[in-house]
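Q: Below you will find the structure I want to go over with you.
Taken together, the values in this text are just the output of simple stated rules run on the coordinates, not laboratory data. Because the structure is predicted, anything quoted here is derived from the model rather than measured. As a convention, Cβ positions derive from the backbone with ideal geometry for all residues, glycine included, and neighbour counts pool all protein chains shown.
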Amino acid sequence: NELRLWFWYMIEHSNMRYCLLIDGLDEIESNREVLLNTVLSMSVRSDKLKVCCACRPENPFHGILKQHPHLQLQDFNRHDIEEDCKTRLKGTRAERFADEITRRAEGVFLWARFISEDLARAAKDGESEEDLGLRLKECPDEMTELFRYMLLRQDKLYAKRRKPYLQLIDFASRIGDRKSTRLNSSHITIS
């Protein structure tokens with residue numbers, strides 16, 4: 001409440017106009033309605049403040065926010081994602097999956113990049129088209145779940161020589177797990 005009071009004091013006593021950018025509304029799993037009501041009330045309280053939110057088109061966000069001016073990111077970056085996927089998969093057995101990756105990415109460039117790189121590497125390692133299709137089908141659509149999936153399914157090469165960034169993500173994902181909160185050499189070994 002104190003932060004909210006100071007925020008509105010700043011807005012109302014300033015000669016400037018502000019734009020508040022909020023990304024990942026859909027990543028909040030509880031109290032979504034409270035969050036949405038807060039955002040909506042902020043957007044109408046002062047003409048000095050514009051609010052721009054980013055989220056996937058899922059309920060309750062889609063139902064409530066669709067009546068406000070909006071755009072869908074995938075309408076603007078779909079072609080770029082598709083070109084990037086085609087470039088990464090060109091000349092591999094996984095080339096035919098570029099369109100499906102683009103569609104499933106829903107405008108999330110990072111997701112498409114991870115998946116296309118994973119399929120390209122698997123294709124170069126000799127996986128069949130059927131196995132590549134299964135690999136793609138098993139990939140979660142949400143980024144957090146994708147990171148977990150990648151860590152659990154590390155290929156044999158990476159299990160022996162894990163990438164430093166994967167080790168950091170693995171450690172960060174275990175922080176909430178009481179059994180794994182102790183930092184030891186098996187969690188972080190960067191070479």
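Q: Between Phe7 and Arg113, how high is the FRET efficiency from 1/(1 + (r/R0)^6) when r is the Cβ-Cβ distance and R₀ = 41 Å? Nearest 0.05. Can you show the working numbers first?
A: Working: r = 36 Å, r/R0 = 0.87.
For R0 = 41 Å, the calculated efficiency reads 0.70.
Q: May I ask you to derive the relative contact order of segment 1-142, considering only C-alpha pairs under 8 Å and at least 6 residues apart, and to give it as an integer percent? Display every interim value, and only then the final one.
A: Values: 121 pairs, mean separation 25.1, N = 142.
It rounds to 18 percent for segment 1-142.
Q: Compute the signed sum of charges (Lys and Arg +1, Asp and Glu -1) over the other residues within less than 15 Å, Cβ to Cβ, of Asp141.
A: Values: positive: Arg56, Arg103, Arg104, Arg113, Arg135, Lys137, Arg148; negative: Asp26, Glu27, Glu58, Glu100, Glu106, Asp118, Glu138, Glu142, Glu145.
Computed value for this residue: -2.
Q: Taking the Cβ-Cβ separation of Thr87 and Cys52 as r and a Förster radius of 35 Å, what is the calculated FRET efficiency to the nearest 0.05?
A: Details: r = 31 Å, r/R0 = 0.88.
E between Thr87 and Cys52, to the nearest 0.05, is 0.70.
Q: Please list, in order along segment 53-62, the HN-Hα scalar couplings obtained from phi with the Karplus expression 6.51 cos²θ - 1.76 cosθ + 1.60 (θ = phi - 60°), rounded to whole Hz, x for Gly and Pro.
A: Running phi through 6.51 cos²θ - 1.76 cosθ + 1.60 with θ = phi - 60° gives 10, 10, 6, 6, x, 10, 6, x, 4, 4 Hz.
Q: Check which residues have an amide H placed less than 5 Å from Ile22's amide H, if you skip close sequence neighbours.
A: Cys52, Cys53, Ala54
Q: Moving to a separate point now. For Arg113, what is the net charge nearby, where nearby means another residue's Cβ is under 10 Å from its Cβ and Lys, Arg count +1, Asp, Glu -1?
A: Details: positive: Arg88; negative: Asp84, Glu117, Asp118.
Summing Lys and Arg as +1 and Asp and Glu as -1 gives -2.
Q: Relative to a virtual label point 7 Å from the Cα of Ser128 in the Cα→beta-carbon direction, which members of segment 84-107 show backbone nitrogen distances below 19 Å?
A: Residues 92-97 qualify, since their backbone N sits under 19 Å from the label point.
Q: Leu49's amide H: which non-local residues (gap 5+, or another chain) put their own amide H closer than 5 Å, with H modeled 1.01 Å from N in plane and none for Pro or chain starts?
A: Distant-sequence amide H within range of Leu49: Tyr18.
Q: Given contacts defined as C-alpha pairs under 8 Å and at least six residues apart, what's the relative contact order of segment 77-150, whole-number percent? Could the numbers behind the result be given before it?
A: Values: 66 pairs, mean separation 22.2, N = 74.
In percent, rounded to a whole number, it is 30.
Q: Once fully extended, how much extra length lies between Glu100 and Ile22, figured as 0.36 nm per residue of separation less the alpha-carbon to alpha-carbon distance?
A: Details: separation 78, 0.36 × 78 = 28.08 nm, distance 2.87 nm.
Separation in residues times 0.36 nm, less the Cα-Cα distance, equals 25.2 nm.
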